[in-house]
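Read the structure below first, then the notes.
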Amino acid sequence: MDALLAVRARGITKWFGNVVALDGVDLDVAQGRIHGLVGPNGAGKTTLLGLLLGLAVADSGSLEILGTPVGRALDAPDGVAGFVDGPGLYPSLTARQNLAALAALRGDDARSSAIDDALAQVGLTDVADERARGFSLGMRQRLGLAAALLTKPRLLVLDEPSNGLDPAGKKHVHGVLTRLAAEGASVVLSSHRMDDLEALCSDVTILATGRVVFSGPLSKLTAEEQELDYRVRTCDAHAARRLAAEVAGIRLVDGAGARHDARVLVVRAPAPALDELVVRLVQAGVAIRELSPVVSPLEAAFLALTEPEEAGR
Amino acid sequence: MTAPLPHTHTHARPDGAGTRRASVARGYRFELVKLVAQWRIRLLVLACWIAPAFFVAAVSQQSTLPVDTLFGRWMHATGWAGPLVMLGFAGTWALPLLTSVVAGDVFAAEDRLGTWRHLLVAVRSPRRIFAAKAFASLTVLLLLVAGLACSSAAGGVVAVGNQPLVGLDGHLLTPADAAVKVLLAWVCVLAPTLALAGIGLLGSVALGRSPMGLLLPVLVALAMQLAQMMPLPVAVRLALPSYAFIAWNGLFTGPAQLAPLLIGIGVSLAWAALATALAYLLFVRRDFTNLSHDGSGRRAVTVGVLPLVGLVAMTVAALTTSTTTTTTDTAAAADTNTAATTATGSGIGQAKVQSSVATAFAHLYRMQTEQLHRPAVTEAQLGATATCDKGSGQIAAQGPGNDWRCVVSWHLPGVQAVGQAIYQLDVTPDGRFMADGDGPKEVNGYFLVRTPQGDAPNPLWQFDGNVELLSTSKG
């Protein structure tokens, strides 16, 4: 067991009847890191998260969580918390009662200060005494996260935690996850929101039809030589277009990015060519007001790695 | 991309190593908190602790009493009849409904709310979750049953008074005896209630979100009640836990008819244990990663139903064997139709009916004598006997039916003439009967008797009784 790994999975296979949900999955999650899990619908993300939470056992393969091998029993080592398919809340209880009942159930210290702190971290202090029945999806997500925080997790497993979150809620959740990771806890989260994953995750695993098609640092997805589409907004679009045409390796793209704004140029280029374009624009006195990928590197990799799989079904 | 690694098999881990599971006690408190937080549970608790008192008090003040219900005709006479009327109603309707709402929903509620995974992550032991839920639902059920019993008893005693109760064989129970037996009767029906609760747990686990899971205890109870109304062999009747809902009747005879009561309780507890064990097995094998599958598969239903059917078959076989070997006792031997006394018959035979009617008549005659301030007479002095036939003697005198006719004869000390009174009997398949008098007006021909204090209900005009279906004790 690698002392720096919160999760170490090797060759995990899980069948549901005749359907293979996970097919020889390997996964390493480092301690103190936020690890993203992405994949098309039905790729096996929820199943994998369920294994981490102790909701199911693998049919074959080995799984170690927080240094403890996971056996056949339906349980997970202490220190693991989180939710899949949305948080489980009892609508007849208030937010505070939900947390207090959970803390009492786990035998944790159910001091009201700890509950208040968890509620404050996710921004639900104002509705602490309202019944969960009236909560929106975003509020339920945040309460589910607060419930997980109460257990002081060393591994937090979250399935689509950004669903239904407004900007303020998103800010709360991102802040909590970032702080947890900074304090040494590991976070595994699945999401279809690539911007969230890119903002939060240092590592990512892409699943397709139960298999891992990529696993590693997010930076590896944006290989230097990989071509991506970029939106370039400048003060002089005409000059920018002319300079871009002169740089080797850059292709101008007539796409949606420039459709509604004449000052926006969309170019397809590897990173070195893009660097060269920036240098030339600056030298030519053309101010760059925006430079961003049209499709995020993660999303581009996701599409590139999973679409063939889907097409091949 | 990650390099493929060779597959290895999962390690066995020492049970609980590295895992801090929630204890059953904590889970039990958690389940109670959730149950009590539900408005319908709160309303049920309130209703069970308040409504029976008002119901019994109100019915006791009516001029027309529910004479079709056992002990209903005595609601004017004593407050202890009220809780027994309520017990009859509870066994038919209230307890199956309560078990449906509580036990039938305790697992399905998690499916409905989508909270299984949350609960499993928090507790980390399906076994403990099952135990906590079973104990919590049992606690709430006991609270509800206790409410029904206490409330109806309080309503009866406050509205009518703490008077002696007439037993099913006509003998008078002192208020203290009546209170003890009423309490025992309610305790006895806990057994079939537990059986229904076990079925509720099984339905809740096996059928998940399906409304059938919630309704299962009610449907099973209804089916069993229908079965009890059919002319089934005694062994089959006693093999169903629903018989324990009426077997408490035997507490109110002298001597108490304990054999059917104990068998009913034993059968009910066996059903409760088996149904709960099946629910447990289905629950711990459930795959919680796939919430679209809530356990309502055909296999779950099959696994749940077949063992219970097997239990019925085994019980019938055991009762048939054991009761057949006891039919050589005196009561059975005296019966004119031996087939009726065995477990394969109806259990209702001529000798038993005659004995029950004569015994009840003698007790009630003595009671009437005291009402009318006639010279005291004992049952032994009366020497009451009954001669009963069925269908005007055209058919064999056995089995249930409303065509039983009994002629009761008795002697009064110092009087040469033999007194005679006629009764038409409606004997139900479960052994209960109502005798409707047709004789001398001053004995059983009129519903009132004129006492020095004024007109009073005539205890000999109509009375309830029961025939012990088994021949293992003297009825």
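Rule-based calculations on the coordinates, nothing more; no lab input. Quick caveat: nothing in here was measured; it's all calculated off a predicted structure. Counting neighbours? That spans all protein chains shown, and the Cβs are built from the backbone with ideal geometry, glycine included.
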- Rounded FRET efficiency, nearest 0.05, which uses the C-beta distance separating B:Leu219 from B:Ala58 and R0 of 41 Å: 0.85
- Too-long pairs where the Cα-Cα distance tops 25 Å, listed order kept, from A:Lys45/A:Lys170; A:Lys45/A:Lys220; A:Lys170/B:Lys133: A:Lys170/B:Lys133
- Which value results when the Cα radius of gyration for chain B is divided by 2.2 N^0.38 Å? 1.16
- With helices defined as uninterrupted DSSP H runs, which ones in chain B have an alpha carbon span along their own long axis of at least 18 Å and mean Kyte-Doolittle hydropathy of at least -1.0? B:24-37, B:39-60, B:126-159, B:175-188, B:190-207, B:211-229, B:258-284, B:298-325, B:350-371
- Based on the alpha-carbon gyration tensor of segment B:367-441 and its eigenvalue square roots a ≥ b ≥ c, which shape applies: rounded if a/c is under 1.5, prolate if not and a/b is larger than b/c, or oblate? prolate
- Note on the structure: Spelling it out for A:Val204: with amide H atoms placed in the peptide plane at 1.01 Å from N, the residues 5 or more places away or on another chain with amide H under 5 Å from its amide H are A:Gly36, A:Gly216, A:Leu218
- Note on the structure: Dividing the surface of the Cα convex hull of the protein assembly as shown by four yields a projected area in nm² of 44.3
- Message: Let me test this: with uniform point scatterers at the alpha carbons of segment B:116-275, what is the Debye-based log₁₀ I(q)/I(0) at q = 0.18, 0.21 1/Å?
- Response: -1.16, -1.36
- Note on the structure: Note, A:Gly61: beta-carbon cut-off 9 Å, +1 each Lys/Arg, -1 each Asp/Glu, net 0
- Per-residue Cβ neighbour rank within 10 angstrom, fewest leading, B:Thr302, B:Thr99: B:Thr302, B:Thr99
- Message: I'm a student and want to see the number: the projected area of the Cα convex hull of segment A:121-272, averaged over all directions, in nm².
- Response: 13.2
- Given that compact globular proteins tend to follow 2.2 N^0.38 Å, what is the ratio of the alpha-carbon Rg of segment A:5-218 to that value? 0.98
- Note on the structure: Neighbour-count ranking for B:Ile348, B:Ile263 (other C-beta within 10 angstrom, fewest to most) reads B:Ile263, B:Ile348
- Query: Which far-off residues, 5 or more places away or on another chain, put their amide H under 5 Å from the one on B:Gly254, with H placed in the peptide plane?
  - Reply: B:Asp169
- Where a label projected 7 Å from the Cα of A:Gln226 along Cα→Cβ would reach, residues of segment A:268-291 with amide N under 17 Å: A:268-275
- Message: Net charge within 14 Å of A:Gly184 by Cβ-Cβ distance, Lys/Arg positive one each and Asp/Glu negative one each, not counting A:Gly184 itself?
- Response: +3
- Message: Based only on other Cβ atoms within 10 Å, what is the fewest-to-most ordering of B:Trp74, B:Trp186?
- Response: B:Trp186, B:Trp74
- Item | Computed [θ] at 222 nm, deg cm²/dmol, the protein assembly as shown (DSSP H ≥ 4; -39,500 (n - 2.57); rounded to nearest 500) | -14500 deg cm²/dmol
- Mind checking B:121-128 for the average number of partner chain beta-carbons within 10 Å of each residue's beta-carbon? 6
- Under Karplus coefficients 6.51, -1.76 and 1.60, residue-wise ³J(HN,Hα) of segment A:91-98 in Hz, glycine/proline x: x, 7, 9, 6, 4, 5, 5, 4
- Within a Cβ distance under 13 Å of A:Thr125, other residues only, what is the Lys/Arg minus Asp/Glu net charge? -3
- What's the average, rounded to a whole number, of partner chain beta-carbon atoms within 10 Å of each residue's beta-carbon in A:86-95? 5
- Output the peptides B:151-158, B:66-73 sorted from most to least packed, where packing is the average of other Cβ atoms within 10 Å over each peptide's residues. B:151-158, B:66-73
- Query: Between segment B:50-79 and segment A:20-61, what's the alpha-carbon centroid distance in Å?
  - Reply: 65
